[in-house]
1. Could you look through segment 433-457, keep only residues that are of a type in the set (A, V, I, L, M) and assigned to a strand (DSSP E or B), and pick out the one that is farthest from the chain's Cα centre (by Cα)?
2. Quick one: is GLY55 of a type in the set (Gly, Ala, Ser), modelled with pLDDT of 95 or more and outside any loop (DSSP other than H, G, I, E, B)?
3. Yes or no: ASN39 over 20 Å from the mean Cα position of the chain (by Cα), farther than 30 Å from GLU215 by Cα and part of a strand (DSSP E or B)?
4. Scan segment 488-496 and give yes if some residue there is in contact (Cβ under 8 Å) with a residue 40 or more places away in the chain and within 25 Å of the chain's Cα centre (by Cα), otherwise no.
5. Which pairs turn up if I take residues in segment 96-125 that are free of Cβ contacts under 8 Å to residues at least 12 places away in the same chain and look for partners that are in a strand (DSSP E or B) with beta carbon separation below 6 Å, at least 6 apart in sequence or on another chain?
6. Picking from GLN438, GLN411, which residue would you name as being at pLDDT 95 or above and closer than 27 Å to GLN378 by Cβ?
7. Taking segment 9-36 only, how many residues are among the acidic types (Asp, Glu), surrounded by 14 or more Cβ atoms within 10 Å (Cβ to Cβ) and within 33 Å of the chain's Cα centre (by Cα)?
8. Taking segment 55-95 only, how many residues are of a type in the set (Val, Ile, Thr) and farther than 30 Å from ARG109 by Cα?
Amino acid sequence: GRARWMPNDTLVALMTQADDADYQNLAEPRFTQFRRASNHAFLSSSLAFDNFRLGVNAWALNEGSAGAYSDNLSGINHESSQWAVNHTLLTLQYQYQFNNTFTLRTFTRYKVQANRPNARETRFQSYLSGDRNPLFLYTDPEDYIPGGYLVSEEVFVRAEDFDPDSTYVLGTLYETSEDQTFIPDSVLSQERLQGDEAQWQTAYLFQEATQLRSEISLLYSPSVNLDVITGMEYRVTGAQADYLTSSLPFPESSGGTSAVAGGNLIRSRDVGLYGQAAWHPDIPGLWLTAGGRLDYNWIPNRRDTLSAFNLFGYQLEGDGPGGYGFQLSPRAVVTYQVPELPLTEKLLFAQAFKDATHFQKFSVTHGRVDAPGLQPEQSANLELTGRWQQGSADSTFWQLEGGVYWGRYTQAPRLISVGEPAQLRADDNAETQVLGGQLLGTLTLREFSLWGNYSLTRSRTTGLAHADPDCPPVSSSVPVGAIPLHQVNVGARYRPLRFNWLTLSLRGNFLSRRSTGSGTTVNPYGPAVTSRPVAVFNGALTLSSPWRALTGASFQVIVNNLLDTKYYHPGLGTANGFHFASQVPQERAHFLVRLRYRW
């Protein structure tokens, strides 16, 4: 047998040339003409009687999803690539005060979220996207290198690697190193496979989740110096592990998914017990608050999600159902109002956790595999703040607040490269530390009000960068991506006393440089991208009804990005600059007209 080694840059150049030609030949407006219409609908209503309150909330979103994708691999017209979500909430609240000491509250919510109608993604199947076999580009092989065995029509083994006692798997067309691709002679002489042609292919997607949540709490206030609250929460969740996909519309009935052990429906149960007490000792201005919450989660049909049960710092291994088991979240706060000064100081410590999303655990997408065993992310936070305020709402009033904080986050999901060929998978071994500070201020005069805030954020993540079963793990320490070091927000509002039905508002947002891609946590396997500092201004004019008969009516004109600034968002967390765009252009100057009526 004979074979040759092809330099990767030559391979990529040939693939790019072939893809560009095919893209031009297959260009159609419904795929390649950028259009991104966006339709939103929202309805909210509530009805209160006696101690009950019923609520209904529904919103729907239907818009083109092209902004997140690179235009040479995905359809950029909303007819071909569209994201659709429907969200419905039904709520029931009940509150009863037995006396001045005890108050009972209950809250029940039923939520449904689904991708309808016809959420879809259209991909251009090409060599660079990995949907076509690049080896069929070569029909005139040259510079063969002898020295191996052709053990089948498709498998070539180098002499130094050949083992006569081994069984070689058919279908191994080629192997790669860092800078070249190995191509067996038999592959070079084959013709294109039938159906291995460039084409636009649409996949319709559907995913649905439902949840019933019920909570009951009891507030106990025996004196002005003590408040105690305790309660229990129970949640029943049913959600698809992965999307139903189909080449036909209405994937909820026409689509399917790959076989999943335990089924594609994740049946999750959560129970939470919590309590908190606030005590005012015989020290003027001092309040002490302490509390905690104990959560337990189990997933009966997915034991591959089984975690080591974490209870009071002890890892309890078990053979029970899947889920993250026990999690304890304590918190403590010390608040001190300095006597005879308008100064309040607060020291807070809290621990919390966040379970990985179903997408991170169970979804499989192009170039990405599932990770059902992800552990909950853990956080510990320490914060010190101070607030000084003077004046009253009837005259000049100003307030200044500042704080510093430290946070440590462990087991945070982070994409790493696994396997060969490399694919992305969420991994939970990363640790992030954040140190920052904030400064907030407000000033209110008779007709003017001004406000502003500044934040400084430094963060860094240490964790696994690559997981190859044949190689030792590789760790890295990189800054958290897409978070600016400096951020400033300022705003002003003017309401003349003589024309109190008129309000003018102006807001400015300033961001320092943001980095993503290689050398950061956001898309670490994509290109390194650093966005320039940006300043965006928005304004609004509001006219409120001066007539008593139309009290609650208002007309508003909002202008966003007043200076028509061109700027970009860093893109999705998995953006690699290839399938997903590493930078997403943001809205230029545009305006909204809003008519509102509150009754």
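1. The selected residue is LEU443.
2. Answer is yes for this residue.
3. The answer is yes for ASN39.
4. Looking through segment 488-496, none of the residues is in contact (Cβ under 8 Å) with a residue 40 or more places away in the chain and within 25 Å of the chain's Cα centre (by Cα).
5. Here the result reads GLN97/THR103, each pair linking segment 96-125 to a residue that is in a strand (DSSP E or B).
6. GLN438
7. Looking only at that region, the number is 1.
8. Number of matching residues: 1.
The values are calculated or read from the model by the stated rules, or taken from the named source; none is laboratory data. Only a predicted model underlies this, so the values are computations on that prediction, with no experimental measurement involved. Every residue, glycine among them, receives a Cβ derived from its backbone with ideal geometry; neighbour counts consider all protein chains shown.
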